[in-house]
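The values are calculated or read from the model by the stated rules, or taken from the named source; none is laboratory data. None of these values were measured; they are calculated from a predicted model. So basically every Cβ, Gly included, is an ideal-geometry build from the backbone, and we count neighbours across all protein chains shown. For accessibility, only protein heavy atoms count, side chains too; no ligands or nucleic acids. Shrake-Rupley method; radii C 1.70, N 1.55, O 1.52, S 1.80 Å.
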Amino acid sequence: MAIEHDQIMASRPGVTWRTGLAQFPWWFLIITSIITIMALRIIFDPIYRDIFTTILQGLGVTLYVTVVSFSLSLLLGLVLGLGRVAKNPLLRNLAITYIEFIRGVPMLVLIFTISFAVVPLVARTFGLPNNAVSLTTRAIIALVLIYGAYIAEIFRAGIESIGRGQMEAARSLGMSRVQAMRYVVLPQAIRNVLPALGNDLIAMLKDSSLVSVLGVREMTQVARLSVSTSFRYEETYFILTLFYLTLTLILSLLLQVLQRRMRAKG
Amino acid sequence: MSQPANQPMILIENVSKYFGSFRALDRVNLRVEAGEVLMIIGPSGSGKSTLLRCINHLEVPDAGRIVVDGITVSNNEAHINAVRAEVGMVFQRFELFPHLTVLENICLAQQKVRRRSRQESEQIAWQLLEKVGIPEQAHKHPGQLSGGQQQRVAIARSLAMQPKIMLFDEPTSALDPEMIKEVLDVMLALAAEGMTMVVVSHEMGFARNAANRVVFMDQGRIIEQGPPEAIFGDPQHERTKLFLSRILH
């Protein structure tokens, strides 16, 4: 594509405005226009405004669940990812078993299984009642256990992207395998996988809507509850969609700025 | 580590190494004395790099014995680390740590392995950067340096551990021609100071000026060895003659 543009520019200097039009981020204009139109509707239409303020009450829970779950799944993912590349066959197989198990089951099913089967089972073995753990905590546990497996694969790919020579150089300086991993391989691997982790943060924000099935009062659940009494399906679900679209757009813009800054740093 | 005067710095006895069914090393025997500069030449796939990498256990021999400065290299992690602390290694592709500055590259292992303070390790790093002639690059990242400069930093990084032996695995083959000399000059200076060196390279200039002995390897075996003038001037084996005729134009 880039070559085609260059050739056109070189042979027909008069049509540069065309390439300008082709490269303009129209998608961004269209999406922000949709968001603006909806925002105006919310400002001027009392019905829209009511539904907006209702769903807004779930925003905090959505963000809370997303941020807490994502931070913890980074930790779990790092541990599992290191296990995945471990020399010890026991550790490696434990990690692979876990990761393949999680990746082989739909997320919605896992959320049910973890929240209503695994967590109560663990609670009982510790002599606690079935309902000892709140539903929000169960939702976070489920998301962490699921995303930990996904993020482990990102870390594994990052570690494997660092050439064998780096580990050899560190080892030949007398560092242990753990030291070489910690001071030489991991810092480079993590930098390489930051864009992929950013994508998973956005995915996590969207998937947090799934925990509405547990009755956790995040945005989707608040919207569903509201609809069940108001029957305003169209307004409610359009506004709910708008919420997620705006959040993911802001998040991906933030991540892009962050990435550009990191690249500028070298 | 104190040792009897007749003990070699490196002793390689009957070492064999297989990669699958490929025999990379075939019952190799070699002695390297303290202060000796040994050069290993041979066609690619002859086992010269593998032999070098066996000395600090980056490759594990399938048979035979390697003794470095009185320590037998075994699978024992403590022995391996003890040997690696004595043996510095310089790689063809430098293998500097790209996320660290030049100074940090030289200080990392000093602090984590030798347990030196930040101040002490930096002082040593500055001395070595002076020695290899690039103190002005200390705060740059490896990616901002030329290949020759990177290789000189890599040498400084190894020297910071104060090794008794330096291994060089084709240290100039990834360099542009105009940068080879600056790296060879550093190696010549090291040789003049009496460092025990094992160098896998085809740099004839270095061989003539610094090597005490040249070993020619082919198909995992040592075919012949001797002083550089003998190997280059009057090779005895057909394979050595054939190889030299290909690299000496």
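Only the Cβ atoms of Lys and Arg (+1) and of Asp and Glu (-1) were treated as charged; on that basis the dipole of the protein assembly as shown about its Cα centre amounts to roughly 1100 debye. With semi-axes defined as the square roots of five times the eigenvalues of the C-alpha gyration tensor, the equivalent ellipsoid of the range B:106-224 measures 27, 17, 13 Å, largest first. The A:Thr229 and A:Asn131 beta-carbon pair, evaluated with R₀ = 25 Å, returns a calculated FRET efficiency of approximately 0.45. Annotation: average projected area of the protein assembly as shown is 36.0 square nanometres, based on the convex hull of Cα atoms across all directions. Radius of gyration (Cα atoms) of the range B:57-156, expressed as a multiple of 2.2 N^0.38 Å: 1.22. Sorting the segments B:153-163, A:28-38, A:122-132 by their mean number of nearby beta carbons within 10 angstrom, highest to lowest, gives B:153-163, A:28-38, A:122-132. Using only Cα coordinates, the Kirkwood hydrodynamic radius of the range A:112-266 works out to 19.1 Å. The listed residues A:Lys87, B:Lys17, B:Lys164 rank as A:Lys87, B:Lys164, B:Lys17 when sorted by accessible area, largest first, using a 1.4 Å probe. Comparing the full protein assembly with the isolated chain, the residues of the range B:52-96 losing at least 20 square angstrom of accessible surface (1.4 Å probe) are B:Arg53, B:Leu58, B:Glu77, B:Asn81, B:Arg84, B:Phe91, B:Glu95.
Label positions at B:His237 and B:Gln7, each projected 7 Å from the Cα along the C-beta direction, are separated by 3.1 nm. Diffusion coefficient of chain B by Stokes-Einstein, Kirkwood radius over Cα pairs, 37 °C, 0.692 mPa s: 176 µm²/s. Less than 5 angstrom separates the built amide H of B:Gly35 from those of B:Thr196, all sequence-distant by 5 or more or on a different chain. Between A:Leu121 and B:Ser117, the modelled labels are 5.6 nm apart [label points 7 Å from Cα along Cα→Cβ]. Cα extents for the range B:55-106 along the principal axes, largest to smallest and rounded to whole angstrom: 39, 19, 16. Looking at the protein assembly as shown, the DSSP beta bridges with both ends there are about 55 percent antiparallel.
Each of A:Leu254, A:Met38, A:Gly215 was scored by the projection of its Cα onto the charge dipole of chain A, and the greatest displacement toward the positive side belongs to A:Leu254; charges sit on the C-beta of Lys, Arg, Asp and Glu.
Between B:Arg31 and B:Asn81, the contour length at 0.36 nm per residue exceeds the alpha carbon distance by 15.9 nm. A Förster radius of 30 Å, combined with the Cβ-Cβ distance separating B:Ser21 from A:Ala196, puts the computed FRET efficiency at roughly 0.20. Evaluate E = 1/(1 + (r/R0)^6) for A:Gln23 and A:Asp45, where r is the Cβ-Cβ distance and R0 equals 35 Å; express this FRET efficiency to the nearest 0.05. Plugging the Cβ-Cβ distance into 1/(1 + (r/R0)^6) gives 0.45. Computed over protein heavy atoms with a 1.4 Å probe, the carbon and sulfur contribution to the accessible area of the range B:32-177 reaches 45%.
Using only side-chain charges placed at the Cβ, +1 for Lys and Arg and -1 for Asp and Glu, the dipole size of the range B:107-194 relative to its Cα centre rounds to 580 debye. If eta is 1.306 mPa s and T is 10 °C, what Stokes-Einstein diffusion coefficient results for the range A:9-84, Kirkwood Rh from Cα pairs, in µm²/s? Value of D from the Cα-based Kirkwood radius: 91 µm²/s. Looking at the range A:122-161, the pairs of alpha carbons with a distance over 13 Å make up 64% of the total. The helix-only estimate of mean residue ellipticity at 222 nm for chain B, built from DSSP H runs of length n ≥ 4 each weighted as -39500 (n - 2.57), is -11500 deg cm²/dmol after division by the residue total. The mean accessible area for residues of chain B, using a 1.4 Å probe and ignoring ligands and nucleic acids, is 44 Å² per residue.
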